[in-house]
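Some notes on the structure that comes next.
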Amino acid sequence: RQQLYRELRDRPPVSKDGVAVELLMNAGLAVDLPQLAQSGAAGIGLFRTELQFMVASTFPRVEAQERLYREVIDAADGKPVTFRTIDIGGDKVLPYFKGAQQEENPALGWRAIRLTLDRPGLLRTQVRALLKASGGRELKLMLPMVTEISEITRARDIIDREVRHLSRFAHHLPTSLKLGAMVEVPSLLWQLDELMSAVDFVSVGSNDLFQFVMATDRGNTRIADRFDPLCAPFLRLLRQIAQAGKEADKPVTLCGELAGRPISAMALLGIGYRAISMAPASVGPVKAMLCELPLEALSERMEIALAKNAATTDIRAELRQFASEH
Ligand code: PEP
Ligand code: MG
């Protein structure tokens with residue numbers, strides 16, 4: 001198998017019937033970077049910047065942040081990288097961050113964009129480091145745990161201010177700056193049009209979205225496997241996000257664990273996703289699946305399956321059946 005994945009590395013990620021798909025990888029530290037070449041990923045779909053904060057003993061200074069981001073962009077060597085602003089708080093606690101308190105429901109608490117909008121100095125510093133590291137190149141920035149559109153607007157104000165500040169001091173700015181949001185809080189599902197107008201792209205964080213939609217703690221082993229992410233309600237909802245992106249002509253990717261298992265990656269392609277981001281080790285297995293996949297036929301099959309009575313339809317079984325037929 002490893003031999004097969006190595007052989008597939010330089011093969012274009014195209015389905016058996018000729019549909020091109022972007023297979024990206026998730027990363028978070030400099031040690032992950034060699035995986036970009038080894039996995040054959042088309043770029044980094046999710047760079048979890050909070051990891052640098054989590055392995056440090058104090059807040060990383062702006063210079064250290066800039067150094068890491070530059071290293072990432074250099075290693076990507078022209079491939080796209082999406083940097084997510086720090087997703088700390090909740091279960092990702094920083095022992096040196098005094099502002100945080102014990103919370104009864106950390107997943108629903110003061111975390112990610114909520115925290116950085118309340119401590120804008122943190123966001124400003126990070127944005128400055130990202131802008132400087134991306135001088136002369138494209139910068140893609142993504143906001144985690146967005147719940148309402150105004151959070152994007154407020155973050156954009158902070159980003160714009162940093163851009164003006166740096167240009168005043170004649171810094172080399174990015175050639176383009178794209179701002180995106182993660183779709184991981186269900187409130188966004190009922191404002192998808194507004195969301196698409198407010199951003200340049202979105203990425204579905206299926207780990208958190210599943211946790212919140214199913215009211216199921218992603219870290220609780222007793223229940224984490226109780227409900228199937230390949231159930232009709234969750235897949236219908238993921239399909240709706242992909243469709244909204246298509247209608248608004250905004251790129252939609254998915255970067256949760258779901259993207260990394262061949263059977264669920266297959267389901268995602270079948271409901272309209274054309275860019276997915278996964279752990280580096282999953283790129284080979286997912287590409288092997290893709291090369292054998294008649295995607296048009298699968299899409300038709302998924303349409304039919306998702307229109308059936310959800311109470312009596314086993315989508316995972318249908319996917320397995322389709323896979324064994326092909
Ligand atoms: C997610 O929630 O699916 C996601 C990609 O982000 P994280 O796993 O870092 O919360
Ligand atoms: Mg998340």
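Just so you know, all these numbers are worked out from the coordinates, no wet-lab data involved. The shown structure was predicted, so the numbers you read here are calculated from the model rather than taken from an experiment. Counting neighbours? That spans all protein chains shown, and the Cβs are built from the backbone with ideal geometry, glycine included.
Quick notes on this one:
- Cα long-axis angle, helix 280-291 against the chain (0 to 90 degrees, to the nearest 10): 40 degrees
- The range 32-94 and the range 105-132 have Cα centres separated by 15 Å.
- ³J(HN,Hα) computed for each position of the range 116-131 - Karplus, 6.51 cos²θ - 1.76 cosθ + 1.60, integer Hz, glycine/proline x: 6, 6, 7, 10, x, x, 4, 5, 4, 4, 5, 5, 4, 4, 5, 5
- Of all beta bridges that DSSP places with both ends in the chain, some 10 percent have antiparallel geometry.
- Between the C-alpha center of the range 8-22 and that of the range 278-304 there is a gap of 10 Å.
- With the simple spin-label model, which puts each label point 7 Å out from Cα in the Cβ direction, the D157 to A107 separation comes to 3.2 nm.
- Residue of L209, L166, L258 that the Gaussian network model of the chain assigns the largest fluctuation, springs spanning Cα pairs under 10 Å: L166
- Extent along principal axes [Cα atoms of the range 182-274; Å; largest to smallest]: 39, 26, 19
- Most fluctuating residue given options Q102, Q243, Q38, as computed from a GNM of the chain linking Cα atoms under 10 Å: Q102
- Using alpha-carbon coordinates, inclination of helix 232-248 to the longest axis of the chain, degrees: 60 degrees
- Residue by residue, the range 314-324 carries 3J(HN,Hα) couplings of 9, 5, 4, 5, 5, 5, 4, 4, 4, 4, 6 Hz when phi is fed to the Karplus relation 6.51 cos²θ - 1.76 cosθ + 1.60 (θ = phi - 60°); x denotes Gly or Pro.
- Placing dummy labels 7 Å off each Cα toward the beta-carbon, the span from K79 to Q240 is 3.4 nm.
- Report summary: the helix-based calculation at 222 nm, which adds -39500 (n - 2.57) for every DSSP H run with n ≥ 4 and divides by the residues of the chain, gives -14000 deg cm²/dmol.
- Taking 0.36 nm per residue of separation and subtracting the Cα-Cα distance, full extension of the segment from T216 to E71 would add 48.5 nm.
- Cα pair count fraction exceeding 26 Å, expressed as % - the range 34-170: 25 percent
- The chain: C-alpha pair distances exceeding 24 Å, %: 55 percent
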